[in-house]
Amino acid sequence: MNLLKPNLFKQTSKVLSMNTTKIQVIPRRNQTVEIDGEEYTLKEGEITELPKWLARMLDVECVPLKSSDIKTILMKERNPKLTELPSNFYDRMEFSTEREAQKAFLQLLDVRLEKIAKLSCQFVDVELPHEEQVLYNKMKELVQEWKKYIIGRVLQNGNR
């Protein structure tokens, strides 16, 4: 039986999110940047969206999720179904320095992880944020492999 490679989630998620994800930012000064023929005009203090990789290089402040936003999602997660997360949820959480937001995030992560684990045993198709989809797919694959192994072992031993 294959074991999960710990870096797989990190590598896959990092590559995809750095190349495609846009995040909200607030420029600290007026600036114009041209990259690969695409021009970005940023005005100081005005919220705009940029590719995550570009935001890391410019003089901008990323707009993080607030603890109240996360607590609202956490309350909705009391429902048995997974709640839809805001666009680029995990990317925006990377920039959250508020202690209460981080605390609520950890609680939310535990609740969602439990729900994703349950779904992975039901073999249903779900649409999740990329970070969770990678986890779900690997968990589902692992459960299927384990179940196949156990059934084969038990049924073979029962036929002796």
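The values are calculated or read from the model by the stated rules, or taken from the named source; none is laboratory data. If you're wondering where the values come from, they're calculated on a predicted model, not measured in any experiment. We place every Cβ from the backbone using ideal geometry, glycine too, and count neighbours over all the protein chains shown.
Would you please list the contacts, defined by Cβ atoms under 9 Å and residues six or more apart or on different chains, that run from a residue in the range 18-42 that is within 15 Å of Arg92 (Cα to Cα) to a residue that is modelled with pLDDT of 90 or more and charged (D, E, K, R)?
Between residues of the range 18-42 that are within 15 Å of Arg92 (Cα to Cα) and residues that are modelled with pLDDT of 90 or more and charged (D, E, K, R), the close pairs are Ile26/Glu44; Ile26/Glu46.
Is there a residue in the range 37-45 that is in contact with a Leu (Cβ under 9 Å, 6 or more places away or on another chain), closer than 20 Å to Gln133 by Cα and at pLDDT 90 or above?
No, the conditions are met nowhere in the range 37-45.
Quickly run through the range 109-134 and pick out the residues that are in contact (Cβ under 8 Å) with a residue 40 or more places away in the chain and either farther than 25 Å from Val63 by Cα or part of a helix (DSSP H, G or I) (or both).
Passing the criteria: Val126, His130, Glu131, Val134.
Are there any pairs with C-beta distances below 7 angstrom linking a residue in the range 57-69 that is in a helix (DSSP H, G or I) to a residue that is of a type outside the set (Asp, Glu), with the two at least 6 apart or on different chains, and if so which?
Ser67/Ala101; Ser67/Ala104
Output the residues belonging to the range 78-104 that are more than 11 Å from Ile23 (Cβ to Cβ), acidic (Asp, Glu) and within 15 Å of the chain's Cα centre (by Cα).
Selection gives Glu84 alone.
When you check Pro80 against the structure, is it outside any helix (DSSP H, G or I), touching a Leu at 6+ places or on another chain (Cβ under 8 Å) and within 30 Å of Glu141 (Cα to Cα), yes or no?
Judged against the criteria, Pro80 is not a match.
Just to be sure, is Leu142 crowded, with 18+ Cβ neighbours inside 10 Å and touching a residue at least 12 places away in the same chain (Cβ under 8 Å)?
Considered against the rule, which asks whether it is crowded, with 18+ Cβ neighbours inside 10 Å and touching a residue at least 12 places away in the same chain (Cβ under 8 Å), Leu142 comes out as no.
Could you say which residue among Leu106, Leu155 is within 20 Å of Ser67 (Cα to Cα), free of Cβ contacts under 8 Å to residues at least 12 places away in the same chain and assigned to a helix (DSSP H, G or I)?
The match here is Leu106.
Within the set of pairs 6 or more residues apart or between chains, which connect a residue that is within 14 Å of Gln107 (Cα to Cα) inside the range 71-87 to a residue that is at pLDDT 90 or above and of a type in the set (Phe, Trp, Tyr) with Cβ atoms less than 9 Å apart?
Ile73/Phe89; Leu74/Phe105
Among the residues in the range 148-158, are any surrounded by 12 or more Cβ atoms within 10 Å (Cβ to Cβ) and charged (D, E, K, R)?
Scanning the range 148-158, I find no residue that is surrounded by 12 or more Cβ atoms within 10 Å (Cβ to Cβ) and charged (D, E, K, R), so the answer is no.
Restricting the range 83-97 to residues that are in a loop (DSSP other than H, G, I, E, B) and either within 12 Å of Asp69 (Cα to Cα) or small (Gly, Ala, Ser) (or both), which is modelled with the highest pLDDT?
Leu85
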